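Chemist: Below you will find the structure I want to go over with you.
Every number here is computed from the coordinates shown, using simple stated rules; none is lab data. Just so we're clear, the structure is a prediction, and the values are computed from it rather than from any experiment. Note: ideal-geometry Cβ built from the backbone for every residue, glycine included; neighbour counts use all protein chains shown.
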Amino acid sequence: MEDSSVGEAAYRRIRADIVFGRLAPGQRLGLDRMRETYGTSISTLRELLSRLASEDLVVAEGQRGFEVAPVSGADLQEVAALRLLLEAHALEQSFAVGGLDWEGSVVSAHHKLAALERSLLAGEAADAALWKRYDWEFHHALIGACGSRTLLKAHTAAYDRYLRYQMVAVVFRGEVAADEHRRLLDAALARDAATAREVLRGHIDGCVAQVLDTGGLDAFVPGAVQPRPGSAPTRRPTLKKAPRRANGST
């Protein structure tokens, strides 16, 4: 019997490869190749992929096997709405009860994120996974005092599905997003949940609008209509990604 820790490590690697777009939407997940890449048995891979299917990151195709979940504008809007619902509620709870330790965690997380954003805005290369990790740490810190493990777990799942769209479409909103992060920090320290919810809504809606208006998903959606004339081009940061292996994984 395979060591459970091996299977768990493979699960985390596959999940990260999907969320960070290293396994592309719609890509067939051949078990033989994956066995070599992730170092686990085919039976374990089937279990892991079924687990990822329950998270809407993989699609089980019956006798045809598995493939990475597809992307679409409609699904992005649904995922974004779910993230906003969960995060806005958690913000309110966290702002109400968070103490000095919570404030410190928020300030620290923002400091790291802001430093990386300044590097991106200056045109310097940055690691995509590190950039989004810092983004996650900041948003998670904001809601970290909400007091509900169930809410935090649900938010994490929604955030990761939303993050996959950001990585696939290479979304970078530059100074606009950095300013929204600063405003969220200020609202947290002022315990101003109403302002934070408003900023968060604009933060998420702005990302969705950019993806849809610039056709960021078109390469992965068969028959997608190209961006309308005059649409602003997507500003793509200089991101360093790990090299792909033969099956598209790192």
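Chemist: Which of Ala16, Ala115, Ala145 moves the most in a Gaussian network model of the chain with Cα springs under 10 Å?
Modeler: Taking springs between Cα atoms under 10 Å, the residue moving most is Ala115.
Chemist: Taking only Cα atoms and a 10 Å spring cutoff, compute GNM fluctuations for the chain and point out the largest among Thr150, Thr44, Thr195.
Modeler: With Cα springs under 10 Å in the chain, the top fluctuation among Thr150, Thr44, Thr195 is at Thr150.
Chemist: Counting only residues 5 or more places away or on other chains, whose amide H sits under 5 Å from the amide H of Gly26 once H atoms are built in the peptide plane?
Modeler: Residues meeting the criterion, in which the H sits 1.01 Å from N, are Val68, Ala69.
Chemist: Among Leu185, Ala109, Gly215, which residue has its Cα furthest toward the positive end of the charge dipole of segment 73-220, with +1 on Lys/Arg Cβ and -1 on Asp/Glu Cβ?
Modeler: The listed residue farthest towards the positive side: Ala109.
Chemist: Right, next: Could you give the alpha-carbon Rg of segment 120-209 over 2.2 N^0.38 Å, rounded to two decimals?
Modeler: 1.11
Chemist: Evaluate the charge dipole of the chain about its Cα centre and quote only its size in Debye, nearest 20, assuming +1 on the Cβ of each Lys and Arg and -1 on the Cβ of each Asp and Glu.
Modeler: Roughly 600 debye, rounded to the nearest 20.
Chemist: Next question. For the pair Ile42/His111, report the inter-label distance in nm, with labels modelled 7 Å from Cα in the Cβ direction.
Modeler: Calculated label separation equals 5.2 nm.
Chemist: What does the charge dipole of segment 73-220 about its Cα centre add up to, to the nearest 20 debye, if the Cβ of each Lys and Arg holds +1 and the Cβ of each Asp and Glu holds -1?
Modeler: 340 debye
Chemist: For segment 3-56 and segment 149-180, what is the separation of their Cα centres, given in Å?
Modeler: Answer, in whole Å: 22.
Chemist: Let me spell out the model: positive unit charges on the Cβ of Lys and Arg, negative unit charges on the Cβ of Asp and Glu, origin at the Cα centre of segment 49-151. What dipole size does that give, in debye rounded to 20?
Modeler: I would put it at about 160 debye.
Chemist: Next question, about the same structure. For n ≥ 4 DSSP H runs only, could you compute -39500 (n - 2.57) per run for the chain, divide by its residues and tell me the 222 nm figure to the nearest 500?
Modeler: Helix-only estimate at 222 nm: -21500 deg cm²/dmol.
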